[in-house]
Amino acid sequence: WIYLGWKHGFEDAGHDFFELTAADVNWREAIDRARPDILFCQNLVDLERHAPDLLWAREYGIRVFLVVHWPMPAADVAIMREHDVGDVYFGEREPESMTAFVQATGRTYTLISNAADSRLHHPVAPVAKYACDIAFVGSRMRTKRWFNVLLAELRRTYDVRVYGPGWTWQDRVARVASSGLRNAAPGMADWVNRRRVVLPAEDEAALYSSAKICLNFHEQVPGHVIVNQRAFKLAACGGFQIADDVPAIRRYFGDDIVMAGLDPDDWLDKINYYMFHGSERRDLQAFASRRAQAEHLSTHRVAQVMELAGIRKAQRPPLQGAYR
C-alpha cells in the first residue's frame, strides 16, 4: 500500500512512473530504457549487488533517493562510508531514531514521512455496510499482543470490525500456503495473497468515514519511531482516530488526534468518552481531515522529493547505450 501511494502520488502530480524490481536483472538496461530524472528506491536495496548501478546512475545525472534503516548490515555501512551511492538518504523514521545511522555512515538522513494516498484516501459519505462503532485495519502481529487483547475486550460492548491479515484461522492457513508457494509457484502464491484481501483498497475510505471511532496502534519496537501510514490515511478519509501515544504524531496533527497510553483503562476511558460525545468527535475529525488533505497526501511527499532533487523538468541528455 505504501508503494501504491508513491505510484499514485507521482502520477497524480503529473510525472511519468516506471517500475524497477528485483525481477529486472540488468538494472542499467532497465534504467536506460526509462531514462528517469529520479531513481527512487522505496524498498531496501542490496547494496553489495547494486551499489555500482546506483553510482552509474548518479554519473549520468540521475538523482538517487535511497531508503535507509537502522540497524544496517556491516557490509552496507562500509559501502556507504566509502561510496556516496545516493543523493538523498531517506526514510519514514523520525530523525531522533536515526542518529546511529548518521554516526556510522557519515551520511545525512532526510525524513520523508508516510502519507495518505492522494487517489484513495479522501472523505466520502458513510456507507451502511461499513457502519460500526469501532474499526481497525491492520495485521495481527506478535508485537501488538496487548492491542489484540484490547480489541477482544471492546467486542464485548461494541460493534467492532477488524480487517487485515492474521485475524482468522483461514487467513493464517492461507499465509502458510502462500509462503510455501512463493518459490515453487509464484503465480499461485499471488493468487492466494489476492484472496486474503478482505477490504478492497478503494473501500477503505468508506470504512473510515462510516465508523464512529477508528483505532490506530504502532509497533512497539524500542528506537523504532515511525508515524505509520494509518495515521495519515485515517485522517485524510475523515475518520475519527484514537492512536497509541506516539509523540511524533503531534508534529503532523497537533492535538487533533486523540492518543492513549499503554494502560488499557486509558484506552477504554477515551473510547467510551468519545463514543458518547459525538460533537467533540466530529470537530476533531474535521480538523485532522483538513490538515491531512492540505499537507499529508502522497502528492505532498512527491513535491518534497522534487524539491530535494532540485528538478522542475527533465534536464539530462538521453542515456541510450550508456549502460554498455
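The values are calculated or read from the model by the stated rules, or taken from the named source; none is laboratory data. Model, not experiment: these values are computed from the prediction. Here the Cβ positions follow ideal geometry from the backbone for every residue, glycine too, while neighbour counts run over all protein chains shown. Surface accessibility is based on the protein's heavy atoms, side chains included, excluding ligands, DNA and RNA. Shrake-Rupley method; radii C 1.70, N 1.55, O 1.52, S 1.80 Å.
Values for this structure:
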item	result
Matching residues, the range 232-257, being among the hydrophobic types (A, V, I, L, M, F, W, C), in contact with a Leu (Cβ under 7 Å, 6 or more places away or on another chain) and over 20 Å from residue 120 (Cβ atoms)	242
Sole exception among (1) open to solvent by 20 Å² or more (accessible area, probe 1.4 Å); (2) within 23 Å of residue 311 (Cα to Cα) for residue 22, by number	(2)
Unmet criterion (only one of (1) open to solvent by less than 40 Å² (accessible area, probe 1.4 Å); (2) assigned to a loop (DSSP other than H, G, I, E, B); (3) on the phi < 0 side of the Ramachandran plot) for residue 31	(2)
Boolean, residue 101 is farther than 18 Å from residue 248 by Cβ, touching a residue at least 12 places away in the same chain (Cβ under 8 Å) and surrounded by 16 or more Cβ atoms within 10 Å (Cβ to Cβ)	no
Residue in the range 56-64 that is open to solvent by 40 Å² or more (accessible area, probe 1.4 Å), within 25 Å of the chain's Cα centre (by Cα) and free of Cβ contacts under 8 Å to residues at least 60 places away in the same chain present	no
Within the range 66-157, strands (runs of 3 or more DSSP E) holding 2 or more residues that are under 17 Å from the mean Cα position of the chain (by Cα) and not β-branched (Val, Ile, Thr)	88-91
